[in-house]
1. Return the subset of LYS106/LYS131; LYS22/LYS172; LYS40/LYS74; LYS106/LYS240 for which the Cα-Cα distance in this structure is over 22 Å, preserving the input order.
2. What residues from the range 83-100 fall in the zone where the backbone N is under 14 Å from a label point 7 Å along the Cα-to-C-beta line of CYS186?
3. In the chain, with Lys and Arg counted as +1 and Asp and Glu as -1 at Cβ, which of these residues, PRO3, LEU233, LEU204, has the Cα nearest the positive end of the dipole, that is, farthest along it?
4. In nm, to one decimal, how far is the modelled label at SER133 from the one at GLN217, with both set 7 Å along Cα→Cβ?
5. Taking 0.36 nm per intervening residue step and subtracting the Cα-Cα distance, what contour gain separates SER19 from LYS74 on full extension?
6. Please compute the per residue accessible area over the chain with all protein chains in place, 1.4 Å probe, rounded to a whole number of Å².
7. So for each of 39-47, 232-240, 128-136 I average, over its residues, the number of other beta carbons within 10 Å; can you give me the resulting order with the highest mean first?
8. Where the accessible area of the range 125-254 is counted over protein heavy atoms with a 1.4 Å probe, how much of it, in %, is carbon and sulfur?
Amino acid sequence: LSPVREELLVARVENLGESPFKGTVRLVGVNGAAPLVTQKTLELAAGESAAALTFRLASDAGPDLYAGLRIESKGGVVLELPAVRFRVLPDAMLAGCKIVPDGDAKIASTQTVLNTSAPQPLPGADAQAVKVSYRCDDGWKFFRLVPQGDALRPIEGEPKAFGFWIYGTGSKISPRLRVLDTTQQCWQPGGDMIDWEGWRFVQLELNPSSGHWGGAQDGVIHYPLRWDSLFLLDNVGRQKTEGTVFIAAPVVIY
């Protein structure tokens, strides 16, 4: 469950089995905006792996939204996600990032970031996306999207996770991001390798087990945080690679 824009929530539901499924998807604990509808019917045919349901919100929705999700079937609760706070980041923040190659400076690479449309629109919305294209030789190399300007770097509150909609092209590169705490300890939450095609919401959890180094080096997240890299693509295989991903609708999750 994630906002795509301030006025739209999308629930992407995966069917982990091969059997058909019929049930109800219901928003719970909504605050900060009034959904036009709070529940929708979900039907997945045998072998159908996923579906995306959209919930439109009142036009006066702000950047902060509280929402959770409940899936019911045959009179019982199949899945319940308690309400969390989402903060939608402005499109201009992602669109204004600069791409920076990092890792071993001796490893040749090319990389570009471009504001454009994805091959397919996001479910329910034509949200702005950035296209990241990259190529690098064998070795330690990764690519960072860095916010431009100090005014964009502070992160309010004590986030527990970050989310992005990512359009994968089966490029087998891993999503990360970097934030700095008040001691300059760098935290790098990460997600699963992008081995899929099409849009998928990816949530990067921030907790003491996230990769970290520098600063206090004590494994404690000292809030408040600042952005180092709004997004990062890591070539964990360290083999010659090239590819493209599209990124859209970043959110901070509390």
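The values are calculated or read from the model by the stated rules, or taken from the named source; none is laboratory data. Quick caveat: nothing in here was measured; it's all calculated off a predicted structure. Here Cβ is always computed from backbone atoms with ideal geometry, including for glycine, and neighbour counts include all displayed protein chains. Each accessible area value is taken on the protein alone, full model and side chains, heavy atoms only, with ligands, DNA and RNA left out. Shrake-Rupley method; radii C 1.70, N 1.55, O 1.52, S 1.80 Å.
1. Working: LYS106/LYS131 25 Å; LYS22/LYS172 33 Å; LYS40/LYS74 15 Å; LYS106/LYS240 14 Å.
Pairs exceeding the cut-off: LYS106/LYS131; LYS22/LYS172.
2. So the set is 100.
3. Comparing the listed Cα positions along the dipole, LEU233 ranks first.
4. 4.2 nm
5. Numbers: separation 55, 0.36 × 55 = 19.80 nm, distance 1.46 nm.
Fully extending the segment from SER19 to LYS74 adds 18.3 nm.
6. Values: 11860 Å² over 254 residues.
Accessible area per residue: 47 Å².
7. Numbers: 39-47: 12.9, 232-240: 17.8, 128-136: 20.6.
Order by mean packing, descending: 128-136, 232-240, 39-47.
8. Working: 2370 of 5250 Å².
Exposed carbon and sulfur together represent 45 percent of the surface.
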